[in-house]
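Okay, so here's the structure we're looking at.
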Amino acid sequence: MGKLHVLKKRRIFSAFFISKDSIRISFLCLLTFFVSCGEKEEIYDVKGTIRSIDIESKKVIIAHDTIPGLMMPMVMPFPVLDLRELDQIKIGDSVHFKFIWTDTLPHAYRFTVVGKGHIPEYDDFFREEYDELKVGKIFDDITLIDIDSSEVKLSQSDGRYRFISYIFSRCPMPNMCPAVIMKTNILADTFSKFKLIDFILVSFDYKYDKPSILKRNYATLTKGRDNLKLWSSSGKIDDIYKLVKQSGGDFWGVEENKIGHTLRSVLVGPNRELLATWDGENWKVKEVENGIRMFLK
């Protein structure tokens, strides 16, 4: 009986240590899990000029330089968590600041004023309908035509985000309109699971790019992509000119078949407000993707 009792005690003692080890291993695994699944964050040094400050929404709109590895130059709002950060800056200040990029709460902090920056002159009272909008201002409603020859108003998609780029099918430069089309196509695929954003390619060639032309050239792009749209400006000269000019772009020479243009892509918010702009055609997909995600979080 004595030996049996000792044997039982040893088994219990051994089992106790196995349980402790198991708990320790489980705890370490759990800790590793939480650390590995923790939120990724990166911190960037940014330079820019303060365009406006919104204390109520805790955001500051900044025209910033390139953020290497993240975004191209653009004008956009940066969330600020600590309102005391806004006490030391004012509109027109040229600033350096930190931008922390996270999956859930990207924000700017540690602002340093280094001088005065340039702000384009703008008077809201005297704004003409063809003037370039500044960030936060509202696009006028316009009417264009989809590739099925149905009229479509910009306001029909209010309540959704819209990424709009401008093209024309006769563009001879592969690194211009075709490149914008390809990159917009990639963005549409990237955001295919986001149900509240559309990617719209708008042709400003109101003379040649009829809906049938766009459909013949690009309809395959829209197959299986409900978030990718193609709009024609055929017969809608005033509407397309207004939309392009309010976006900050320009085009000319359509009637003479000697088309020239300055490219710009814009992100339009649910209330038809201008959220962000990207000049030219050399923007990188990943950088624009990062910019869009700022608003979809």
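Just so you know, all these numbers are worked out from the coordinates, no wet-lab data involved. A quick note: this is a predicted structure, and the numbers were derived from the prediction, not measured. Here the Cβ positions follow ideal geometry from the backbone for every residue, glycine too, while neighbour counts run over all protein chains shown.
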Subject >> Exposure proxy order (Cβ contacts within 10 Å, fewest to most) of TYR208, TYR161, TYR166 >> reply: TYR208, TYR161, TYR166
**OP:** Mind running the shape call on segment 41-116? Use the C-alpha gyration tensor, a ≥ b ≥ c as the square roots of the eigenvalues: rounded below 1.5 for a/c, prolate if a/b tops b/c, oblate otherwise.
**Re:** oblate
Original post:
Can you sort THR220, THR66 by how many other beta carbons sit within 10 Å, fewest first?
Top reply: THR220, THR66
**OP:** Using only the Cα atoms of segment 130-296, construct the convex hull and provide its projected area averaged over every direction, in square nanometres to one decimal.
**Re:** 8.5
Subject >> Student exercise, segment 192-297 dipole from Lys, Arg, Asp, Glu Cβ charges, in Debye to nearest 20 >> reply: 540
Original post:
What is the magnitude of the charge dipole of segment 174-216 about its Cα centre, with +1 placed on the Cβ of each Lys and Arg, -1 on the Cβ of each Asp and Glu, and no other charges, expressed in debye to the nearest 20?
Top reply: 120
Original post:
What list of ³J(HN,Hα) couplings, whole Hz, do you get for segment 155-160 from phi and the Karplus terms 6.51, -1.76, 1.60, once you set θ to phi - 60° and write x for glycine and proline?
Top reply: 5, 5, 9, 4, x, 10
Subject >> Relative contact order of segment 41-116, defined on C-alpha pairs under 8 angstrom at six or more residues apart (%) >> reply: 34
Original post:
Each residue of segment 270-281 in order: what ³J(HN,Hα) in whole Hz does its phi give by Karplus 6.51 cos²θ - 1.76 cosθ + 1.60, θ = phi - 60°, with x for Gly and Pro?
Top reply: x, 9, 6, 8, 6, 9, 7, 9, 9, 7, x, 10
**OP:** Starting with the fewest neighbours, write out TRP231, TRP101 ranked by other beta-carbon atoms found within 10 Å of each beta-carbon.
**Re:** TRP101, TRP231
